[in-house]
1. Just checking, does the range 139-161 include any residue being touching a residue at least 60 places away in the same chain (Cβ under 8 Å) and within 21 Å of Gly34 (Cβ to Cβ)?
2. Polar (S, T, N, Q) and touching a Phe, Trp or Tyr at 6+ places or on another chain (Cβ under 7 Å): is that true of Asn136 in this structure?
3. For Gly179, are the conditions met, namely being surrounded by fewer than 18 Cβ atoms within 10 Å (Cβ to Cβ) and either closer than 18 Å to Val13 by Cβ or within 15 Å of the chain's Cα centre (by Cα) (or both)?
4. Looking at (1) away from the ligand (no atom under 16 Å from the Cβ); (2) within 22 Å of Lys135 (Cα to Cα); (3) of a type in the set (Val, Ile, Thr), which is the only condition Val66 fails?
5. Mind checking whether some residue in the range 20-28 is in a strand (DSSP E or B), out of contact with any Lys or Arg (no Cβ under 7 Å at 6 or more places or on another chain) and either within 14 Å of the ligand (Cβ to nearest atom) or without any contact (Cβ under 8 Å) to a residue 40 or more places away in the chain (or both)?
6. Considering (1) in contact (Cβ under 8 Å) with a residue 12 or more places away in the chain; (2) within 27 Å of Leu195 (Cβ to Cβ); (3) of a type outside the set (S, T, N, Q); (4) out of contact with any Leu (no Cβ under 7 Å at 6 or more places or on another chain), say which one Arg78 fails and leave the rest.
7. Could you list, in sequence order, all residues of the range 165-186 that are away from the ligand (no atom under 12 Å from the Cβ), assigned to a strand (DSSP E or B) and among the aliphatic types (A, V, I, L, M)?
8. Pick from Leu75, Leu128: which is crowded, with 22+ Cβ neighbours inside 10 Å and either within 11 Å of the ligand (Cβ to nearest atom) or under 21 Å from Arg26 (Cβ atoms) (or both)?
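The values are calculated or read from the model by the stated rules, or taken from the named source; none is laboratory data. Every value quoted in this text rests on a predicted model; they were computed, and no experiment measured them. Note that we place each Cβ from the backbone using ideal geometry, even for glycine, and neighbour counts take in every protein chain shown.
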Amino acid sequence: LADRPLAGKKVLVTAGGTVERIDPVRYLTNDSSGKMGFAVAEAARELGAEVTVIAARTSAPKPAGVELVKVESALELREEVLSRYAFADVAVMAAAVADYRPLRQEEQKIKKTGDTLTLELVKNPDILQELGERKNGQLLIGFAAETENVEANARGKLKRKHCDLLVANDVSAEGAGFGTDTNIITIYGSDGSSLPLPLVSKREAALRLMRLAAEKLGPAAKG
Ligand code: C5P
């Protein structure tokens, strides 16, 4: 059990960047590769967990030994996550969920007519926030990509979204953020703790995070 501290636990992970359709051939997305989410999924599996990954658009190799559910949009990701959340011991929201989606998804390709085109966007639901509000014993872990005031922003999100742990990522630092194989993170805890990890591989960062999750979960968690 010592090196499989997540044995018997169900871990739900989101990964990748959501794809928000404009019309049948166009969409809005972001630079997320899915590497960090996939690394978390593999780390959780290595530590003994039963893992489900809800993956939006990714470019990283798929994680082995986990259930993989593919989605496109934030709304689809939300559905898949919410339907599984009640059964999870740990939920890790590593996906880069688009803050906005096009108000209308056109059924036909938009024609090139006027000299300007206005795309109206509407806010997506904050899935992590919803998970925080309906928490029922799960250990909830959020991610935050920041470019400034990392600690203040991270602690704000941790609290607002009712997370137990929040992984802050200074995406402006060399060797951190989207697409890289390494990361520089600090893991903030709802107990006021902070665990800074210097430049490490995403695999190592993920293992540290999942070991910390196992400690927080303790032996008395849902089985
Ligand atoms: O507020 P911000 O987008 O920086 O928060 C990042 C965290 O919130 C990530 O864990 C991300 O997966 C989650 N999130 C979400 N739904 C959104 C936006 C972000 O679950 N609409």
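1. Yes.
2. No, not satisfied.
3. Yes; evaluated as a whole, the condition is true for this residue.
4. Looking at each condition in turn, Val66 falls short on (2).
5. yes
6. Every condition holds for Arg78 apart from (2).
7. Ile184, Ile185
8. Among Leu75, Leu128, only Leu128 is crowded, with 22+ Cβ neighbours inside 10 Å and either within 11 Å of the ligand (Cβ to nearest atom) or under 21 Å from Arg26 (Cβ atoms) (or both).
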